[in-house]
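One structure is given below, encoded as structure tokens.
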Amino acid sequence: MNSLNVGIIGCGNISGIYLQNIPAYHGLNLRACADMRPEVAQAQASRHGIEAMSVDQLLASDEIDLVVNLTIPSAHFGVSFAALSAGKHVFSEKPLAVDFEQGRRLVDEAEARGLHLGSAPDTFLGGGGRLARKLVDDGAIGRVLSGTAFLMSHGMEHWHPDPEFFFKPGGGPILDMAPYYLSTLVNLIGPVKRVFAMSSIGFPERIVTAESPRKGQSITVETPTHVTALLEFASGAQVTFCMSWDVWKHSHPAIEIYGSEGSMRVPDPNFFGGQVEVTERGGDWRAVDSGEMPLGAPNWRSPNWAADVPAKANYRALGLADLSSAVLNGTPHRSSGRLGLHVLEVMHSILEGAATGQPKAITTTLERPAILEDNEAAGLWKGLPEAASAA
Ligand SMILES: NC(=O)c1ccc[n+]([C@@H]2O[C@H](COP(=O)([O-])OP(=O)(O)OC[C@H]3O[C@@H](n4cnc5c(N)ncnc54)[C@H](O)[C@@H]3O)[C@@H](O)[C@H]2O)c1
């Protein structure tokens with residue numbers, strides 16, 4: 001066997017980029033998709049020349065080796081657990097599950113069955129994330145002492161056609177966006193040991209302004225939308241961490257880390273490429289671009305962006321190729337369920353710590369993901385067919 005047959009469950013907003021990119025990777029053979037709404041599965045299947053199935057058919061099919069779970073967060077556990085129970089490898093969009101105990105059950109179930117469980121985000125494996133990791137490991141900024149991470153915006157209701165889940169328990173900027181920042185920080189610094197946090201809801205009601213059937217509808221906010229935390233890493237590094245959908249404008253870079261010998265600006269962890277900037281002690285910022293690196297070149301623009309926003313690197317499905325290579329070639333599995341579980345525990349600990357005012361110790365731990373060398377990354381990517389890359 002030189003590839004895994006892939007079936008997607010959940011054919012909503014994010015499914016398009018997966019359906020586009022999966023055929024561009026070695027080790028993946030896109031076969032089928034399913035959704036609880038059969039008509040959206042049929043539409044995506046027709047667009048991408050694959051078979052539409054019901055969820056039960058896809059899970060029962062002997063032809064599917066790997067299930068990609070692109071449902072909404074509250075459905076992640078049920079769909080992933082059912083797929084593991086059906087003997088399939090699973091890659092889940094983030095978060096791994098809404099509930100930490102459910103996340104742990106998924107990891108245990110996969111391990112008990114000898115299956116691979118992967119979890120988004122896989123962005124830290126792109127050119128930008130690999131470049132930052134290499135510079136840290138090469139000692140460019142010395143020992144990492146501290147850092148900052150900021151994701152601040154005014155929410156999701158202006159672009160997502162059905163944004164309700166973002167403002168309910170299981171949503172919020174922590175469970176939705178912190179996985180990118182935490183996975184990147186764990187990749188650079190190692191596991192988190194303890195968190196302190198505070199949170200608030202700045203706007204108790206949101207009105208959908210995205211052009212969609214839900215435009216004008218009101219959403220009652222039931223989860224914190226502004227969360228500030230202090231993360232203490234096992235290495236001793238301390239990172240100030242703020243995720244908010246209550247901020248109109250700000251000037252903070254996504255992630256900065258401060259070392260004994262210099263400072264580093266890490267590219268936006270929501271994307272696969274970008275520039276790393278480093279200083280030697282108090283010297284000027286020196287920019288190193290990942291655009292020439294495998295899986296670092298800008299290749300994608302969001303339809304929601306203004307015309308002057310430049311293209312960015314979007315190689316979603318890289319985590320599936322990483323999982324497939326682990327299954328087929330025995331290479332390390334990097335965007336793994338264990339990493340997803342650690343990130344999930346940190347996120348819940350932040351939310352619980354904010355609710356109780358108490359610091360929370362983190363019980364899960366792991367080694368930093370194995371380095372993905374440039375030649376290995378290049379070897380995973382076949383490239384997009386011309387029609388798709390022009391789209
Ligand atoms: N939209 C994005 O830009 C984006 C980016 C990165 C990650 N994600 C993640 O991807 C996931 C999906 O997000 P989305 O924006 O595509 O959501 P969405 O609401 O647009 O699509 C989710 C789809 O899953 C289907 N679904 C829900 N429960 C199901 C079930 N039990 N069985 C079968 N199908 C089910 C829905 O019918 C829907 O078509 C979320 O975990 C989100 O965090 C989204």
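The values are calculated or read from the model by the stated rules, or taken from the named source; none is laboratory data. Predicted, not measured: the structure shown is a model, and the values here were computed from it. Heads up, the Cβs are rebuilt from the backbone with ideal geometry, glycines too, and the neighbour counts pull from every protein chain shown.
Tabulated results
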read-out: Filter pass, residue 162 being within 30 Å of residue 216 (Cα to Cα), surrounded by fewer than 22 Cβ atoms within 10 Å (Cβ to Cβ) and within 16 Å of the ligand (Cβ to nearest atom); value: yes
read-out: Pairs where the first residue, in the range 37-51, is assigned by TED's automatic domain parsing to the domain that holds residue 75 and within 15 Å of residue 14 (Cβ to Cβ) and the second is assigned to a helix (DSSP H, G or I) and within 13 Å of the ligand (Cβ to nearest atom), C-beta under 8 Å, 6+ apart; value: 44/15; 44/16; 44/19; 47/19; 48/19
read-out: Residue list for the range 312-338, filter: more than 16 Å from the ligand (Cβ to nearest atom), in contact with a Phe, Trp or Tyr (Cβ under 9 Å, 6 or more places away or on another chain) and of a type in the set (Gly, Ala, Ser); value: 321, 324
read-out: Qualifying residue in the range 55-73 (condition: under 22 Å from the mean Cα position of the chain (by Cα), modelled with pLDDT under 95 and surrounded by 14 or more Cβ atoms within 10 Å (Cβ to Cβ)); value: yes
read-out: The range 283-302, residues that are in a loop (DSSP other than H, G, I, E, B) and of a type in the set (Lys, Arg); value: 301
read-out: Set 105, 130, 143: member being buried (at least 22 other Cβ atoms within 10 Å of the Cβ), away from the ligand (no atom under 16 Å from the Cβ) and among the basic types (Lys, Arg); value: 130
read-out: The range 1-56, residues that are within 9 Å of the ligand (Cβ to nearest atom), under 12 Å from residue 69 (Cα atoms) and β-branched (Val, Ile, Thr); value: 9, 14, 55
read-out: Entirely in the range 303-391, the helices (runs of 4 or more DSSP H) that have 3 or more residues that are modelled with pLDDT of 95 or more; value: 318-329, 337-356, 374-380
read-out: Residue among 60, 86, 75 that alone is near the ligand (Cβ under 10 Å from one of its atoms) and over 19 Å from residue 22 (Cβ atoms); value: 75
read-out: Number of the exception - residue 112 against (1) among the hydrophobic types (A, V, I, L, M, F, W, C); (2) buried (at least 20 other Cβ atoms within 10 Å of the Cβ); (3) out of contact with any Asp or Glu (no Cβ under 8 Å at 6 or more places or on another chain); value: (2)
read-out: Of all residues making up the range 56-104, the number that are assigned to a helix (DSSP H, G or I) and within 23 Å of residue 168 (Cα to Cα); value: 14
read-out: Candidate set from the range 1-40 (those that are among the hydrophobic types (A, V, I, L, M, F, W, C) and farther than 29 Å from residue 125 by Cα); member that is surrounded by the fewest Cβ atoms within 10 Å (Cβ to Cβ); value: 36
read-out: Pair list, Cβ under 6 Å, 6 or more apart: the range 266-283 residue closer than 16 Å to residue 150 by Cα, other residue modelled with pLDDT of 95 or more and in a loop (DSSP other than H, G, I, E, B); value: 267/274; 268/254; 268/274; 271/313
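Conditions tested, residue by residue: (1) in contact with a strand residue (DSSP E or B) (Cβ under 8 Å, 6 or more places away or on another chain); (2) in the same structural domain as residue 351 (by TED's automatic domain parsing); (3) free of Cβ contacts under 8 Å to residues at least 40 places away in the same chain.
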residue: 55; (1), (2), (3): yes, no, no
residue: 61; (1), (2), (3): yes, no, no
residue: 66; (1), (2), (3): yes, no, no
residue: 69; (1), (2), (3): yes, no, no
residue: 80; (1), (2), (3): yes, no, yes
residue: 83; (1), (2), (3): yes, no, no
residue: 89; (1), (2), (3): yes, no, no
residue: 94; (1), (2), (3): yes, no, no
residue: 97; (1), (2), (3): no, no, no
